[in-house]
Structure formats: C-alpha cells, structure tokens
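One structure is given below, encoded as structure tokens.
Read the figures in this text as sums done on the coordinates, not as results from a lab. Quick caveat: nothing in here was measured; it's all calculated off a predicted structure. Every residue, glycine as well, gets a Cβ built from its backbone with ideal geometry; the counts of neighbours run over all protein chains shown.
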Amino acid sequence: MFDIPQLTVIFTAMLPISELRGAIPLALGVYKMSVPQAYLFAVLGNIIPVIFLLWFLEPVSKFLMKRSTIFNKFFTWLFERTRRKHKKAIQKWGPVALILFVAIPLPITGGWTGSVAAFVFGIPFKKALPLIFLGILIAGVIVTLASLGVIKFF
C-alpha cells in the first residue's frame with residue numbers, strides 16, 4: 001500500500017517538532033517525490049495525530065485532574081493563564097485565530113499545538129478538527145512553495 005519513502009514522510013509529518021516543515025522538504029529533496037505526492041503524504045501524516053489529540057486531551061486531563069492534586073493545579077493554572085493572556089485575540093479573531101496559528105509554519109505552531117490550543121480554549125472536536133485541517137492545508141502550501149524556492153523568508 002505505502003512504500004518506505006511514503007511512510008517516512010507520513011511519520012515525519014506526525015512528529016510534533018517536524019510536522020510539515022520537515023516532511024515536505026524530506027519528500028521533495030531526499031525522496032524526489034512529486035509535489036502532489038509530497039503534499040498529500042505530509043498533510044495525511046500531520047492530520048493523524050491531530051485527530052487523536054483532539055479526542056484524548058480532554059478525557060486524559062480530566063482523569064489526571066481527578067486523581068492528582070498536582071495535575072489538577074497544573075491544568076487549572078494552564079487553562080486560566082492561557083485563557084487570560086489570549087482571550088482578546090481569540091474574541092477578536094475567533095476561528096480564524098486557530099486556522100492562522102496552525103497555518104503559519106513557525107516553530108511551535110502547527111497541528112500539534114493547534115490541537116492543544118483548541119483543547120485549552122474549549123473548542124469542541126467538531127469545530128476544531130476542520131479549522132486545524134484547514135490550517136494544515138494552508139501550511140502545506142506555504143511549506144511546499146518555500147521548499148521549491150517560490151517564496152523566500154530570508
């Protein structure tokens with residue numbers, strides 16, 4: 001079904017640090033995949049962990065909060081601090097904020113952190129998944145164009 005280069009690109013895109021920023025250049029530069037193949041396998045790999053993160057972050061955090069005062073304090077602090085610091089931006093930009101956060105291919109942005117942000121801000125799975133997926137699609141285009149030298153950042 002998949003060969004080793006395709007699986008390598010998918011797994012690279014699944015990783016929280018590399019995501020599309022690592023997978024697309026790998027596919028194009030090392031494995032010499034076509035642009036549509038590189039984009040498809042990288043996007044596929046990037047969306048897989050997002051689905052699981054969106055499904056499991058809330059139940060796992062609730063489980064930990066009920067069973068540990070340390071986790072309860074940590075998650076309470078995290079939610080309150082994050083919501084307080086970013087409340088205005090979220091209110092101003094709404095769903096676009098999540099799309100842009102995922103779409104702009106910078107360090108610590110992407111599908112993984114977008115999933116965590118959706119969880120922290122209480123965005124339900126059915127709303128968060130399409131927003132993050134759209135952000136991944138946009139990021140894939142940006143990273144592909146940058147990998148091809150069409151756009152330059154520096």
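Side notes on the structure shown:
- 22 Å Cα-Cα threshold exceeded, pairs from LYS66/LYS88; LYS87/LYS127; LYS92/LYS127: LYS66/LYS88
- Difference of contour (0.36 nm per residue) and Cα-Cα distance, VAL150 to PHE121: 6.9 nm
- Based on DSSP H segments of at least four residues, each scored -39500 (n - 2.57), the chain has a per-residue ellipticity at 222 nm of -25500 deg cm²/dmol.
- Which of PHE75, PHE52 has the fewest Cβ neighbours within 10 Å, and the rest in rising order: PHE52, PHE75
- The packing ranking of peptides 76-85, 95-104, 57-66, 36-45, highest mean first, is 36-45, 95-104, 57-66, 76-85, where packing means the average number of other beta carbon atoms within 10 angstrom of each residue.
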